[in-house]
Amino acid sequence: MCLPWRMFLSITLNKRLKRIVSIFMKEFKELRRDRISRIIVFVVPFVMMIIFGYGMALDVHHIPFVIVDEDKTALSRDFKYRFINNREYFSFYGEVASQDEVIKLIDENKVRFGIIIPSDFTEKLKKKENVKIQLLVDGIFPYRADVIKSYVEAMVNSFNLVLNDIDLKKLFKLNVRYWFNENLKSVKLTTSGLLAIILFLNPAIFASLLIVKEKESGSIYNIYTSSITKFEYLFSKQLFAVFVSIINFFILFLLIKFLFGIPFKGNFSLFFISSVIYIFVSTSIGLFLSSFLKTQVSVIVGISVIAIIPAFLYSGYLVPVSSMSNEAYIQAHIYPTFYFMNIIKMNYLKGVNINFFTLNVAILIIFYIIFFGLTFILFKKKER
């Protein structure tokens, strides 16, 4: 007599669940025994957050500089003390006598720029003529040189406002407020944005190694000859990689909040859900690669090529995607890191826009369906 279809379905699901749980627990026991895997899973993300969190901060502060004051008047002293007293952005190295000394100090890496105040500084200002102040900047790092130039220009502009007539100052006052990032601290984006990089790279490597290690050792033939289906095998491996990566997510989240002091402005429940979906995407990419790669070295190299470089360049982590060329702009939209970076920006800087949030999450789900589907198609379960 045939079992009723509901009972048959229940028995089938229970069998599948038991097989998935058994593989999950097997991976858990192997992780406890394998010290190298524990280092890859837990230590590497922590180290990456510390190294890149401090190293990728693009803010330029405490820039050493010198001044050549050829005028030596009250106005020139007022001008130079505006730089000297601004200790957040500048670090005064001292006054020197000539341009040659400025160049020598820059060559010796003791200062980053020098300001030369001409001897006719006060005289020309009183005559309301243009004054040419020379700025010598270390240009080895173009980004830093450009920032120094903008800082100096801002100080010169503020000095110009002081020189205006008192009546004009009452009529005109510039009040600038930066939206979302009031203090213009790039560390808010570079540190929080590391979640998109690390949660893309590390889960992908870990998930792929779970399968490739069995290929190298030959133990995968036990799977080939067992009653476990492709879906049960792949999904159980992925569940374990996702479980471990969620632990890393909480560790990294706490590091960002308490070690780096980056405030979280969004909705944590929504952010956690989107992060889990993103982890499912990254682990599915790892499984996808493991379906046709056979060695651990090839997996690590392959994921490094397709994950690290695009994640940094095309996610909006270093350069706004909107300012990229047309080709780069299109490439950015084919990487899941771009969409999770949008979610990170919403939660750490802007606040959650539910429509934009839903759109990005929906796209991540599509990525997951595509990569897990491709993995399921490519992975061959050989029968005896």
query = Among the residues of the stretch 116-137, is there at least one that is of a type in the set (S, T, N, Q), open to solvent by 20 Å² or more (accessible area, probe 1.4 Å), closer than 14 Å to VAL156 by Cβ and at pLDDT below 85?
reply = yes
task = Inspect the stretch 256-275 for any residue being of a type in the set (Phe, Trp, Tyr), out of contact with any helix residue (DSSP H, G or I) (no Cβ under 9 Å at 6 or more places or on another chain) and assigned by the TED database to the domain that holds VAL43 and give the result as yes or no.
result = yes
task = Only residues in the stretch 111-140 that are hydroxyl-bearing (Ser, Thr, Tyr) count as the first member; pair them with residues that are loosely packed, with under 14 Cβ neighbours inside 10 Å, Cβ under 6 angstrom, at least 6 apart or cross-chain, and list the lot.
result = none
task = Would you tally the residues in the stretch 306-329 being free of Cβ contacts under 8 Å to residues at least 24 places away in the same chain, open to solvent by 30 Å² or more (accessible area, probe 1.4 Å) and β-branched (Val, Ile, Thr)?
result = 3
ask   = Only one of (1) over 17 Å from ILE133 (Cβ atoms); (2) in contact (Cβ under 8 Å) with a residue 60 or more places away in the chain; (3) not in a loop (DSSP other than H, G, I, E, B) is not met by LEU105, so which one is it?
value = (2)
remark   = Condition set loosely packed, with under 14 Cβ neighbours inside 10 Å and assigned to a helix (DSSP H, G or I), scope the stretch 51-75, selection modelled with the highest pLDDT: answer is ALA74
message = more than 31 Å from the chain's Cα centre (by Cα), surrounded by fewer than 17 Cβ atoms within 10 Å (Cβ to Cβ), not aliphatic (A, V, I, L, M) and not assigned by the TED database to the domain that holds ILE228: is that true of SER98 in this structure?
response = yes
message = List the helices (runs of 4 or more DSSP H) inside the stretch 325-384, counting only whole elements, that have at least 1 residues being farther than 20 Å from ALA311 by Cβ, more than 22 Å from the chain's Cα centre (by Cα) and at pLDDT 85 or above.
response = 354-378
ask   = Looking at ASN355, ASN347, which is the one that is open to solvent by 80 Å² or more (accessible area, probe 1.4 Å), out of contact with any Pro (no Cβ under 6 Å at 6 or more places or on another chain) and more than 30 Å from TYR221 (Cβ to Cβ)?
value = ASN355
query = Yes or no: VAL299 more than 23 Å from VAL44 (Cα to Cα) and either surrounded by 17 or more Cβ atoms within 10 Å (Cβ to Cβ) or not assigned by the TED database to the domain that holds PRO203 (or both)?
reply = no
request  = Could you tell me which numbered condition LYS104 fails, if it satisfies all but one of (1) open to solvent by less than 70 Å² (accessible area, probe 1.4 Å); (2) among the basic types (Lys, Arg); (3) over 30 Å from the mean Cα position of the chain (by Cα)?
outcome  = (1)
task = For SER226, work out the one condition from (1) among the polar types (S, T, N, Q); (2) within 20 Å of LYS26 (Cα to Cα); (3) buried (at least 16 other Cβ atoms within 10 Å of the Cβ) it doesn't fulfil.
result = (3)
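The values are calculated or read from the model by the stated rules, or taken from the named source; none is laboratory data. What you see is a predicted model; the values in this text were computed from it and never measured. As a convention, Cβ positions derive from the backbone with ideal geometry for all residues, glycine included, and neighbour counts pool all protein chains shown. Side chains are part of the model used for accessible areas, which takes the heavy atoms of the whole protein and leaves out ligands, DNA and RNA. Shrake-Rupley method; radii C 1.70, N 1.55, O 1.52, S 1.80 Å.
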